[in-house]
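Beneath this line is the structure, given in structure tokens, with notes to follow.
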Amino acid sequence: MLFFLIFLICIGLFLFGMYLMRSGLFSFSGEKLNRWLFRFTNKPIKGMAASIIVTGLLQSSSAVMVITVGLVSAGALTFSQTIGIILGTNIGTTFTAEFMAFPIEQYTFPLLVLGAFIIGLGRGKVRSIGFVLFGIGTIFTAMRGFKWIAEPLSSISMVDKGFNLMNDSLIFALVLGMIFTACIHSSSATIGILMSFLASGTISLEASIAAMLGANIGTCITGWMASIGAKKEAKLTAYAHIWLNIIGVLLFFPFTKLLGEMASGWASSPAVQLAHSSVVFNIVSSLLVLPFAQRFGLLIEKIHGKRA
């Protein structure tokens, strides 16, 4: 029971760190990022490029999707303009995975101290930098916690069976990744946990890739919840986000083991291998859909238009 409690505390720390970092980044450049999304959406490729930058800076595809749904609901964007944005969020969110793969754990304490100092003494944008630094320190503190707790957790019979099921059944790993991400509203947290368990040898690379694919579907719940009660085009935006991720996962899932074999040759660190796999999945699946963005939008309107 104690280990489960520590695990939940680590999840809370990770999410809190993401919140602090995102809040700092948003207060530092949020208004400009909103204007970018608004201006560069007349063509899918421009919307995708702007969305990659915005998502990368905010470190959250869910946050960008909530902003996008809000802009559509307010009439500032049309549904067709959001397809490129959605594709860009999927690519931009991979920056977080790559960032978490950097070996900066030894700087965790200095980041926390420096961040707290700037928050206490700084003002305005300077204070925002403090939130970013303290958030980064909190994230890596949580990841160290995940690594420490992985072995004790695996000694519990029920948890060990769960890990074995993930390693033996990629479908189970995918579904678990999807459900867990939907519950905590953060694919980044799911990937961070997977990286820590990978480093401890608890799960295989293939199982973690399958869970990462599931996380890409699970993260859609935030945008869908934001669209509840909104106008028709806002709901279509949420549906498009869901279907784009489902289609991408269906295309990639049969090649999970192949992707794992390829990733093993890209880096020696399992965490970096998983991060690179996330990048490949999101870039390839987004670029495959980009030429058909307008047609895809029409298909979503045809499927969900009457019920939205």
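The values are calculated or read from the model by the stated rules, or taken from the named source; none is laboratory data. Everything quoted here is computed from the prediction, not taken from an experiment. For neighbour counting, all protein chains shown are included, and Cβ atoms are generated from backbone atoms with ideal geometry for every residue, glycine included.
Of all residues in segment 61-105, those satisfying the criterion of being of a type in the set (Gly, Ala, Ser) and either in a helix (DSSP H, G or I) or within 20 Å of Ile45 (Cα to Cα) (or both) are Ser61, Ser62, Ala63, Gly70, Ser73, Ala76, Ser80, Gly84, Gly88, Gly92, Ala97. For segment 129-146, the criterion of being free of Cβ contacts under 8 Å to residues at least 12 places away in the same chain, surrounded by fewer than 20 Cβ atoms within 10 Å (Cβ to Cβ) and out of contact with any strand residue (DSSP E or B) (no Cβ under 6 Å at 6 or more places or on another chain) is met by no residue. State yes or no: is Ile283 modelled with pLDDT of 90 or more, β-branched (Val, Ile, Thr) and farther than 21 Å from Ile171 by Cβ? Answer is yes for this residue. The set of residues in segment 68-90 that are of a type in the set (Val, Ile, Thr) and surrounded by fewer than 24 Cβ atoms within 10 Å (Cβ to Cβ) contains only Thr78. Considering only segment 237-248, I want to know if a residue exists there that is over 28 Å from Thr78 (Cα atoms), at pLDDT 90 or above and either basic (Lys, Arg) or assigned to a helix (DSSP H, G or I) (or both). Scanning segment 237-248, I find no residue that is over 28 Å from Thr78 (Cα atoms), at pLDDT 90 or above and either basic (Lys, Arg) or assigned to a helix (DSSP H, G or I) (or both), so the answer is no. Can you work out which of the residues in segment 149-164 that are loosely packed, with under 14 Cβ neighbours inside 10 Å and closer than 19 Å to Leu205 by Cα is modelled with the lowest pLDDT? Here the answer is Glu151.
Among the residues that make up segment 107-115, is at least one of them touching a Lys or Arg at 6+ places or on another chain (Cβ under 9 Å), modelled with pLDDT of 80 or more, crowded, with 24+ Cβ neighbours inside 10 Å and farther than 21 Å from Met212 by Cα?
no
Scanning segment 165-199 for residues that are farther than 18 Å from Phe146 by Cβ and crowded, with 23+ Cβ neighbours inside 10 Å, we see that the one that is farthest from the chain's Cα centre (by Cα) is Leu174. Applying the criterion of being among the polar types (S, T, N, Q) and in a helix (DSSP H, G or I) to the residues of segment 215-236, the residue that is surrounded by the fewest Cβ atoms within 10 Å (Cβ to Cβ) is Thr222.
Restricting attention to segment 250-308, the residues being touching a residue at least 40 places away in the same chain (Cβ under 8 Å), polar (S, T, N, Q) and not in a helix (DSSP H, G or I) number 1.
Restricting attention to segment 1-42, the residues being touching a Pro at 6+ places or on another chain (Cβ under 9 Å) and modelled with pLDDT under 65 number 0.
Of the residues making up segment 249-266, those that are closer than 19 Å to Ser286 by Cβ and aromatic (Phe, Trp, Tyr) are Phe252, Phe253, Phe255.
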